[in-house]
Amino acid sequence: MAHVPLFAPRPAFTVPLAHGLSLSLGARTLVMGILNVTPDSFAGGVTDPGAAVDLALRMERDGADIIDIGGESTRPGAEPVTEADELARVMPVIEALQGRLRAAISIDTYKASVASAAVSAGASIVNDISGLRYDPTLGEAVARCGAGLVLMHTRGRSKQMYRDAAYADVVAEVSAELCEAIGRAGAAGVSPDRVVLDPGIGFAKRAADSRAVLARLPEFARLGRPLLVGPSRKSFLADGPAPLPPAERDWSTAAAVTTAVAGGAHIVRVHNVAAMVQVVRAADALRAGACG
């Protein structure tokens, strides 16, 4: 019987960021902590800037390499927020964190104005759930400020994303649409070496689609860019007769994070940083033993 490797190859990348920073990817899995400064995120958020700052600092102490700060919930069914409201939520937090974090700051937004303000205040990565489809000026804004850019796959808008969740081959179609996003970034002047790809687990995907994307993650390596995977507490992990609420999905998140590490993910995006850092370290140790 042919040997099927448990761990997919994970190529090394250096991703330039804003402010002269960079991410070294491949030697170990980086952990991105989720900091939602929102009242309506599916897995909980904080609305007080001081509490958000404290949470960011705690995430770094717990081992986060990146803090991803967002001011608009993009859960299925969520309503969009105005630029002014989003700025009012995220900017006090980013400004208060200046000089207090070693971890890189990522701004989770699809709006060019929010991205530009956040990078000016200290963020070095822009995490765009739309893959440069929602705001046609975002790519040029990222190119001007020199930030790293995460391009995520989704279809439609949050309010009706499941309407477009129909695939003949989910991995082939998501890969093709991520290639189009890379093309949009290049056309806007974003250097390819600044791009990280996220296949968008849970976004415009039914539970079976998300599981297929995660199980077939090694196939995305052919796109030639580092991979970020965000399975944390999502509904595909609770698909069953008695689904658990988001806050009780950390065990199933651990299974998904381990699968992502085995599949070649460079970064995992999680809520419970302390627990998932332990999971990642164990999975990376197993990877080292298998690939050593």
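The values are calculated or read from the model by the stated rules, or taken from the named source; none is laboratory data. Remember, it's a predicted structure, so these values are computed and weren't measured experimentally. Counting neighbours? That spans all protein chains shown, and the Cβs are built from the backbone with ideal geometry, glycine included. Heads up: the accessible areas ignore ligands, DNA and RNA and are worked out on the full protein's heavy atoms, side chains in. Shrake-Rupley method; radii C 1.70, N 1.55, O 1.52, S 1.80 Å.
Proximity of backbone amide H atoms, modeled 1.01 Å from N, is registered between Gly230 and Gly200, Ile201, Arg269 at under 5 Å, excluding neighbours fewer than 5 places apart on the same chain. Report the net charge of residues surrounding Gly33, where surrounding means a beta-carbon distance below 12 angstrom and charges are Lys +1, Arg +1, Asp -1, Glu -1. Net of charged neighbours comes to -2. In the list (i) 0.97; (ii) 0.93; (iii) 0.99, the label attached to Rg/Rh (Cα atoms, Kirkwood Rh) as derived from the coordinates here is (ii). Using θ = phi - 60° in the Karplus curve 6.51 cos²θ - 1.76 cosθ + 1.60, the 3J(HN,Hα) couplings for the stretch 53-66 round to 4, 4, 5, 4, 5, 5, 4, 5, 4, 7, x, 5, 8, 9 Hz; x is entered for Gly and Pro.
Under 5 Å between amide hydrogens, built in the peptide plane, is the criterion, and for Asn127 it picks out Ile107, Asp108, Thr109, Val150 among residues at least 5 positions away or on other chains. Other residues within the sphere of radius under 9 Å centred on the Cβ of Asn127, judged by their own Cβ, net out at -3 (K and R +1, D and E -1).
Atom-type composition of the exposed protein surface of the chain places 56 percent of the accessible area on carbon and sulfur (1.4 angstrom probe). Round to a whole angstrom and tell me the spacing of the C-alpha centers of the stretch 254-291 and the stretch 44-74. If you average the Cα positions of each part, the centres end up 20 Å apart.
Considering only beta bridges that DSSP places wholly inside the chain, some 10 percent are antiparallel. Beta bridges assigned by DSSP with both partners in the stretch 1-102 are antiparallel in approximately 45 percent of cases. In the context of the full set of protein chains, the chain has a per residue accessible area of 42 Å² (1.4 Å probe). In order along the stretch 68-74, phi translates into HN-Hα couplings of 9, 9, x, x, 9, 5, 10 Hz, rounded to whole numbers, per the Karplus curve 6.51 cos²θ - 1.76 cosθ + 1.60 with θ = phi - 60° and x for Gly and Pro.
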